[in-house]
Amino acid sequence: MSISEVVIAVHGGAGSLPRGSLDRSDEAAYRAGLEEALRAGAALLGRGQSALDAVEAAVRVLEDDPCFNAGRGAVFNTDGEQELDACIMDGRDLRSGAVAGVRNTKNPISLARVVMERSKHVLIAGHGADIFALRNGFPYTTRDYFFTQRRWDALIDAKNPPEAAQPVQVGETVGAVAIDARHELAAATSTGGQTDMLAGRVGDTPIVGAGTYADSRTVAVSCTGIGEVFIRGVAAYDISALIDYAHVGVEEAAARVVTEKIPALGAAGGAIALDRHGTLAAPHSSPGIINGFLLRDGSVVTRLYDDETPPR
Ligand code: ASP
């Protein structure tokens, strides 16, 4: 199901969130986080700022929100550490910046943007990325800032799986796509990766064309799911390529990649894809995808539970 007249959309990860799996205060917290992110991005668009500014602002809100697996509240790797990946892409000129394995930078998405604008590189990883942040005036963030008990418990559970299945299994990676008054597109994605992943593992999020892509001629895309498969399927770029070369609509293009190609490669996930007409698709091959969007008239819709998100 595509949605038109969208100005900005965000996601909070693919996975499974059956209705009733959150208590009322947690549900309110997730919805409030998505809405705050949408409104932060829309406020900039309303002032005539770029889609690039909007997606960065939206993702920063979600990075600061401990509900989500990005920035504060990121998941732990198998060594009990948090390593943050992010990517931002400007559909005007295909410029992009990304970081991987960041540990001491509060907002990796803003560091990704600085990589794009102040370095000659696209992707900087590990210690070098945190050093680059310091050299560009970002404050040093000590690691305790990123800690949440819930994510720590999830790591312990992953190492010693409990008898009963976990009620909530959703990746909670975050992303944003937006269109501005000049009909330019941008995309941004940020994540802590996957609980219990090997130290140094890099997923699809910071890989241009895998987890994140934007071309103002076609579409802005932010993906979420098992990153290895999105890398192998070059998922975000594939959605753009279908629109570009095969002249397929955004709904069909995104559904083909997310609900056919990705499962055929052995995993599940979802994406938000916004085309240059303001049409949004949010397909998923996982049971659901947390997402929200803001329409041209200023109204906001947030969708958490599996039954709120049609698969295509
Ligand atoms: N795609 C992310 C990764 O593999 C995780 C997610 O979206 O849940 O790092």
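The values are calculated or read from the model by the stated rules, or taken from the named source; none is laboratory data. These figures come from a predicted structure and were not determined experimentally. As a convention, Cβ positions derive from the backbone with ideal geometry for all residues, glycine included, and neighbour counts pool all protein chains shown. The area values use the complete protein model at the heavy-atom level, side chains included, leaving out ligands, DNA and RNA. Shrake-Rupley method; radii C 1.70, N 1.55, O 1.52, S 1.80 Å.
Remarks
- Difference of contour (0.36 nm per residue) and Cα-Cα distance, R217 to H127: 28.9 nm
- Local charge for N107 was computed over the other residues whose Cβ lies under 11 Å away, with Lys and Arg +1 and Asp and Glu -1, and equals +1.
- Estimated FRET transfer efficiency when R0 is 30 angstrom, pair V300-A264 (beta carbons, to 0.05): 0.30
- When the alpha carbon gyration tensor of the stretch 269-312 is reduced to an equivalent ellipsoid, the three semi-axes, largest first, read 19, 13, 6 Å.
- Summary value for the chain: 26 percent relative contact order, contacts being C-alpha pairs under 8 angstrom separated by 6+ residues.
- Over 19 Å [Cα-Cα, the stretch 18-84], rounded percent: 45
- Proximal charge balance of A42 [Cβ under 12 Å; K/R count +1, D/E count -1]: -2
- Rolling a 1.4 Å probe over the protein heavy atoms of the stretch 77-128, with every protein chain left in place, gives an accessible area that is 47 percent carbon and sulfur.
- The stretch between T78 and S4 holds 22.5 nm of extra length on full extension. This uses 0.36 nm per residue minus the Cα-Cα distance.
- Computed from backbone phi, the HN-Hα couplings of the stretch 279-284 come to 9, 10, 10, 9, x, 8 Hz, rounded to whole numbers (Karplus: 6.51 cos²θ - 1.76 cosθ + 1.60, θ = phi - 60°; Gly and Pro given as x).
- Between F147 and A28, the FRET efficiency estimated from the beta carbon spacing at R0 = 22 angstrom works out to 0.45.
- Rounded to the nearest whole angstrom, the semi-axes of the ellipsoid equivalent to the stretch 91-167, taken from the Cα gyration tensor as √(5λ), stand at 32, 16, 10, largest first.
- A 1.4 Å probe run over the protein chains yields, for the chain, 39 Å² of accessible area per residue, whole-number rounding.
- Prolate/oblate/rounded label for the chain (Cα gyration tensor, a/c 1.5): rounded
- With the highest mean first, a sort of the peptides 25-31, 218-224, 62-68, 298-304 on other beta-carbon atoms found within 10 angstrom per residue produces 218-224, 62-68, 298-304, 25-31.
- Pairwise Cα distances in the stretch 1-113 exceed 22 Å in 40 percent of cases.
- Label-to-label distance for L198 and A181 is 5.0 nm, based on points extended 7 Å past Cα in the beta-carbon direction.
- Amide H contacts for A187 (H built 1.01 Å from N in the peptide plane; partners 5 or more residues away or on another chain; cut-off under 5 Å): M89, G91.
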